[in-house]
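Working notes, structure below.
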Amino acid sequence: MNDRPVTPILDRVRQPSDMKALSDRELRQLADDVRAETISAVSVTGGHLGAGLGVVELTVAIHAVFDTPRDKLIWDVGHQCYPHKILTGRRDRIRTLRTEGGLSGFTKRSESPYDPFGAAHSSTSISAALGFAAARDLGGDAGDAIAVIGDGSMSAGMAFEAMNNAGHLKKRLFVILNDNEMSIAPPVGALSSYLTRLYTGAPFQEFKAAAKGAVSLLPEPFQEGARRAKEMLKGMAVGGTLFEELGFSYVGPIDGHDLDQLLAVLRTAKARATGPMLIHVITKKGKGYAPAEAARDKGHATGKFDVLTGVQAKAASNAPSYTKVFAQGLIAEAERDDKVVAVTAAMPDGTGLNLFADRFPKRIFDVGIAEQHAVTFSAGLAAGGMKPFCAIYSTFLQRGYDQVVHDVCIQRLPVRFAIDRAGLVGADGATHAGSFDIAFLANLPGIVVMAAADEAELMHMVATAAAHDEGPSAFRYPRGDGVGVDLPSRGVPLEIGKGRIVAEGGRVAILSFGTRLTEVLRAAEALAAKGIKPTVIDARFAKPLDRDLILNAARHHEALVTVEEGAVGGFCSHVAQLLSEEGVFDRGLKFRSMVLPDIFIDQASPERMYEIAGMDAAQIEAKVLAALGVAVVGKRA
């Protein structure tokens, strides 16, 4: 079922310039071929399917009309870039998506000249495109700049900051608003041909007017759908639309699956635009693949699947995911305390808060792709007497750091940060790795920073955060399944700043912070076979540190090794600072730390990424032996 489809038109397209020789009829066939190729490829690799299927016609139209890579095409986030990769010389590698040594699941500058700007976080495309346009006008790289941004990404303040600046600068710039939230499906016949004639032949102002009036040509109920879309996204300001008040020429909405209409609009826009233009395109996520169209998330992210049925391969693990355990723990706290509320930034499913929403629909707030607002909104909830849990991926919390500092920590407000996707995350690669949160949070006064070693510990940390009202707190946990420990029905609050001894030993103590504890215990078994039985400690807290436990371990062991799934500057650095201030190093303690290396690690399996990072059981064992001065036989490079 996953065999490569026969695609005669696609076989003739090695790069976008090959599309210039195709007729519009052949471009329509090419779009069908690209859709089939995308479905086939993602069935093998897994990945973001629905977004790409929704922009197949748009991708074909942009590459057919514009001159990439001279013209800079920037995909916001990059979830939708698989068809783009197929058409830009990467078709032969498309079945390596999101695998070690393969294609990134997002746009990536080092991968292709057709990816002028890397992405994986949302709402950056307009800013980058404006930068390209300004550079062009100052004598930099020639060509147009085209940003394709979704309606969800337009909810972020950064997108409007960029549009405000673009309107002020009046640079020639194209922003294509890919609106897949309120899909309309006008019939292709008369409307499409009429708009094609109108857009192609009219002077520019008439072209704009025709696009604005196109809704009246739609039969009901399509007119109402289009009106709702326009009202939602344009808004009305005195004297014209919001976008026009920001200085943009507005065209739309147009049917993003009608290739004839897309080609006509883009050709006319390219020929006549003088300043910033916003083209509003209505698309359907998952378009053309029934299982994706029927899915709740429209096939946003999938594992490997059977093309015929859409059924995804089952995961091998029987343990629950950390995300689900967090949700269960939060629901248990909310059942006992009606002040517990949850906040997500457009990721209810990804953070497990969809489960919380099912149980407490009035106590969850999805603020859209707006992490800065999510943090400060949570601070307001806390100041108003609630107990907010702000659940955000580690990589996305970076976007709200100033708010964490200024609005939460300085005011000592008890916001609880549930930090999902902590550590290395696998197929999404460096852009989604949770590498820095320990360091950037643990240096803030008054915050409690925890990391769960397993899913039962996560339950306890949810309870600890719920009970802690003296200031902000954060607990981190990884992507994927737990280790299979028994779960309590409800977590028990931990004593703030107290770790636990997991195994007693001698000579060396290993302090683990987070889920590397499983690998530490494997390393301890291997060391015991060599006659070295380490003391293993689950630190639990990076801030405040368990001073007594750490200093006692330093006094009674020859060496101390710290292990954490984060960059330098986090747990290990705080431990080293403590030991230095207490004069422990003067007494001859051998201290080593294991942190993520000072590189961005590309996509691979999480296990392979931690091997690359030097943090698997074998390398923990080698680090301990080296600290003790024991020769390592057959050490891996």
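FYI, it's all coordinate maths here, none of it is from the lab. Computed from a predicted model, the values in this text were never measured in an experiment. No Cβ is skipped: glycine too gets one built from the backbone with ideal geometry, and neighbour counts run over all protein chains shown.
A few notes on this one:
- Listed by chain and number, the lysines placed with their C-alpha closer than 24 angstrom to that of Lys533 are Lys498, Lys590, Lys623, Lys635; residues fewer than eight positions away on the same chain are left out.
- Straight-line cross-link partners of Lys170 among the lysines, defined as a Cα under 22 Å from its Cα and at least 8 positions apart when in the same chain: Lys72, Lys208, Lys212, Lys234, Lys270.
- With the charge dipole of the chain set up from +1 on Lys and Arg Cβ and -1 on Asp and Glu Cβ about the Cα centre, the Cα lying farthest toward the positive end among the listed residues Val404, Leu517, Thr274 is that of Thr274.
- Distance between segment 68-108 and segment 466-489 - C-alpha centres, whole angstrom: 36
- The modelled label-to-label distance between Ser317 and Ile599, using points 7 Å beyond Cα along the C-beta direction, is 2.6 nm.
- Taking the fewest neighbouring Cβ atoms within 10 Å as the starting point, the ordered list for Leu596, Leu413 is Leu413, Leu596.
- Lys, Arg +1 and Asp, Glu -1 on Cβ, resulting dipole of segment 244-308 about Cα centre, debye, nearest 20: 200
- Between segment 560-608 and segment 278-341, the alpha-carbon center distance in angstrom: 35
- Across segment 345-495, Cα-Cα pairs farther apart than 27 Å form 15% of the total.
- Residues Phe585, Phe356, Phe117, Phe417, sorted so that the one with the fewest Cβ neighbours within 10 Å comes first: Phe585, Phe117, Phe356, Phe417
- Prolate/oblate/rounded label for segment 500-627 (Cα gyration tensor, a/c 1.5): oblate
- Neighbourhood net charge (10 Å Cβ-Cβ; Lys/Arg +1, Asp/Glu -1) for Ala301: -3
- Full extension of the chain segment joining Ser17 with Ala290 gains 95.1 nm, where the gain is 0.36 nm per residue of separation less the Cα-Cα distance.
- Percent of alpha-carbon pairs separated by more than 44 Å within the chain: 28
- Per-residue Cβ neighbour rank within 10 angstrom, fewest leading, Leu242, Leu259: Leu242, Leu259
- Neighbour count of at most 11 Cβ within 10 Å plus DSSP loop: longest GluC sites (Glu not before Pro)-free window in the chain: 1-469
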